[in-house]
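The values are calculated or read from the model by the stated rules, or taken from the named source; none is laboratory data. Fair warning: this is a prediction, and the values are worked out from it, not measured in the lab. Here Cβ is always computed from backbone atoms with ideal geometry, including for glycine, and neighbour counts include all displayed protein chains. When the accessible area is computed, the model is the full protein with side chains, heavy atoms only, and any ligands, DNA or RNA have been set aside. Shrake-Rupley method; radii C 1.70, N 1.55, O 1.52, S 1.80 Å.
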Amino acid sequence: MTNTSDLTRLTAAEIAERIASGETSAVEVTEAHLARIEAVDEKVHAFLHVDREGALARARAVDAKRSRGEKLGPLAGVPLALKDIFTTEGVPTTVGSRILEGWIPPYDATVTRRLKAADVVVLGKTNMDEFAMGSSTENSAFGPTGNPWDLTRVPGGSGGGSSAALASYQAPLAIGTDTGGSIRQPAAVTGTVGVKPTYGAVSRYGMVAFSSSLDQGGPCARTVLDAALLHEVIAGHDPMDSTSIDAPVPPVVEAARNGNVEGMRVGVVKEFSGEGYQAGVVQRFNESVELLRELGAEVVEISCPSFDKALAAYYLIAPSECSSNLARFDAMRYGLRVGDDGGHSAEEVTSLTREAGFGPEVKRRIMLGTYALSSGYYDAYYGSAQKVRTLIKRDFEAAFGQVDVLVSPTTPTTAFPIGERADDPMAMYLADLCTIPTNLAGNAAMSLPCGLAPEDGLPVGLQIIAPAMADDRLYRVGAAVEAAFRARWGHPILEEAPAL
């Protein structure tokens with residue numbers, strides 16, 4: 001029997017191979033990860049809900065299939081941490097908010113359903129910034145998550161629970177969502193891999209909406225191949241989602257297995273540099289660019305002038321859509337209800353419920369979005385932001401006319417201390433400076449670890465951006481960089497991550 005700690009240190013691909021061969025069982029793997037959660041999550045707080053019985057039942061079903069000689073999928077029996085924004089039948093889904101505390105959905109999101117169909121073992125639901133609004137997972141109504149590299153620092157946001165679960169070996173796979181960088185930014189500061197697929201490539205059905213034209217679910221893992229295997233499971237057309245792309249999933253697993261950048265043209269985005277970038281982040285990024293050259297890529301500088309306006313455009317478009325989407329939480333249909341004592345009108349009950357149920361950041365964005373959409377201001381604010389969005393798309397189109405992919409640091413700094421930016425929303429928003437343009441354009445992007453910053457020993461992320469529906473390019477470049485990096489310097493999360 002394999003040692004429990006050994007099982008939690010394996011990649012998802014290695015776990016799946018051992019289960020398929022009978023070297024270990026899905027139940028053994030699941031129990032090992034549940035034991036790890038029990039041992040360390042009190043300190044990390046990656047999970048909001050652990051579905052112990054459900055996970056073990058799914059693991060037993062996988063073992064039964066193998067014993068009957070049935071063919072197992074590429075991730076059968078592999079444990080996964082699911083961001084608490086996806087509905088899961090019979091399991092609480094809170095979106096990190098008091099307004100949905102205790103809500104148990106009667107149906108599965110498409111992503112949840114596809115994970116179950118692939119025999120992936122969902123361990124539970126992970127902590128997140130309330131309604132995915134934040135860059136640090138400090139905005140959760142249920143308390144912050146710590147970064148396993150340094151528990152006094154943030155694990156990124158809004159999907160900090162998913163990234164922390166990976167970095168602390170509580171799960172080999174996770175699912176996140178990315179509205180302005182909430183998969184890639186947590187991946188960068190925890191030394192893990194996070195992918196924002198092309199908008200519409202992964203169904204949003206059953207994913208609680210924040211900003212519908214920006215939200216995108218995607219895979220999180222500790223290696224590029226693991227992310228590709230998970231990407232293939234959750235992607236694909238879904239008639240339940242009107243924005244779902246009806247096209248074949250790009251060959252992401254093949255690209256991850258055969259990473260090669262020789263002959264590719266790689267663009268370095270000029271606008272993602274300068275003041276505000278930590279010295280260690282810049283150093284590791286420059287080393288990564290030089291590594292790409294050594295691997296045979298042609299590196300050129302690319303200017304995308306509209307990217308300088310992306311942050312401002314995003315913080316008008318996203319709050320406007322959030323204001324509309326969150327209007328459904330009115331205390332009348334589901335979730336929290338406050339003041340329903342016979343002495344208050346329906347309007348008063350709605351107001352009291354929203355006051356008690358929503359946190360400060362959610363209220364800030366609802367008010368900003370409502371103002372931007374109001375009569376007399378729509379054209380000046382929301383309309384202007386959409387024009388900037390068009391300019392950003394044109395900058396991407398021009399860039400991809402010259403290069404195959406773009407690269408940049410994923411975040412300007414490493415993980416910052418919990419509480420440091422809590423009272424400074426603008427400083428918090430700047431954490432997503434490099435990731436936001438991709439969401440506005442709908443392109444695909446990945447963050448993968450490219451070392452530790454010398455000044456603080458914390459992970460740094462390399463961002464790779466590809467055109468829409470060219471997600472396989474992310475995995476091709478990511479796999480090449482990961483292999484070369486590991487051969488030369490070691491892998492930061494697989495070999496250097498500190499024990500909790």
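List of remarks:
- Residues whose placed amide H lies under 5 Å from that of residue 304, excluding near-sequence neighbours: 270, 271
- Dividing the convex hull volume of the alpha-carbon atoms in the range 351-415 by its residue count gives 140 Å³ per residue.
- Think of each Lys and Arg Cβ as +1 and each Asp and Glu Cβ as -1; about the Cα centre, that makes the dipole of the range 369-418 roughly 100 debye.
- What the phi angles of the range 246-259 give under the Karplus curve with 6.51, -1.76 and 1.60, with θ = phi - 60°, is a coupling list of 8, 7, x, 6, x, x, 6, 5, 4, 5, 5, 7, 10, x Hz, glycine and proline written as x.
- Annotation: peptides 385-397, 196-208, ranked by per-residue average of other Cβ atoms within 10 Å with the highest first, follow the order 196-208, 385-397.
- Amide H partners (placed H, <5 Å) of residue 170, local residues excluded: none
- Rounded to whole Å, the principal axis extents of the Cα atoms in the range 213-350 read 72, 39, 26, largest first.
- Distances between placed amide hydrogens fall under 5 Å for residue 405 paired with 265, 267, all partners being 5 or more residues away or on another chain.
- Modelled spin-label separation between residue 324 and residue 364, with each label point placed 7 Å from Cα along the Cα-to-Cβ direction: 2.4 nm.
- Interatomic Cα distance distribution for the range 154-225, bins of 10 angstrom, percent: 24, 54, 22, 0
- Whole-Å distance, taken between Cα centres, linking the range 104-154 and the range 220-283: 21
- Convex hull volume of the C-alpha atoms in the range 1-150, normalised per residue: 113 Å³.
- Hull shadow area, averaged, the range 191-266 [alpha-carbon convex hull, nm²]: 6.3
- Note on the range 381-447: dipole from Cβ charges, positive end direction compared against 384, 417, 447; the farthest Cα belongs to 384.
- For the range 339-346, 3J(HN,Hα) computed residue by residue from phi via the Karplus equation (6.51, -1.76, 1.60; θ = phi - 60°) reads x, 7, 10, x, x, 10, 6, 4 Hz, glycine and proline entered as x.
- MRE, 222 nm, helices only [DSSP H, n ≥ 4, -39500 (n - 2.57), over the chain, to nearest 500]: -12000 deg cm²/dmol
- With θ taken as phi - 60° and the Karplus curve 6.51 cos²θ - 1.76 cosθ + 1.60 applied, the whole-hertz 3J(HN,Hα) list for the range 48-63 is 9, 8, 10, 9, 4, 5, x, 5, 5, 5, 5, 5, 4, 5, 5, 5 Hz, x standing for glycine and proline.
- Reducing the range 1-72 and the range 338-389 to their Cα centroids gives an inter-centroid distance of 43 Å.
- Farthest towards the positive end of the charge dipole of the range 1-99, among the residues 50, 7, 77, is the Cα of 77, using unit charges on the Cβ of Lys, Arg, Asp and Glu.
- Using the 1.4 Å probe convention, the accessible area of the chain works out to 36 Å² per residue with neighbouring protein chains retained.
- Label point distance in nm, residue 378-residue 348, each placed 7 Å from Cα along Cα→Cβ: 3.3
- Rounded to the nearest angstrom and listed largest first, the equivalent-ellipsoid semi-axes of the chain from its Cα gyration tensor are 32, 30, 21.
- Expressed as a whole percent, the accessible surface of the range 161-306 that belongs to carbon and sulfur atoms is 49, based on a 1.4 Å probe.
- On the range 411-457, 59 percent of the accessible area sits on carbon and sulfur atoms, based on a 1.4 Å probe.
- Residue 390 versus residue 257: modelled label distance in nm, points set 7 Å from Cα along the beta carbon direction: 4.5
- The charge dipole of the chain, taken about the Cα centre with unit charges on the Cβ atoms of Lys, Arg (+1) and Asp, Glu (-1), comes to about 660 debye, rounded to the nearest 20.
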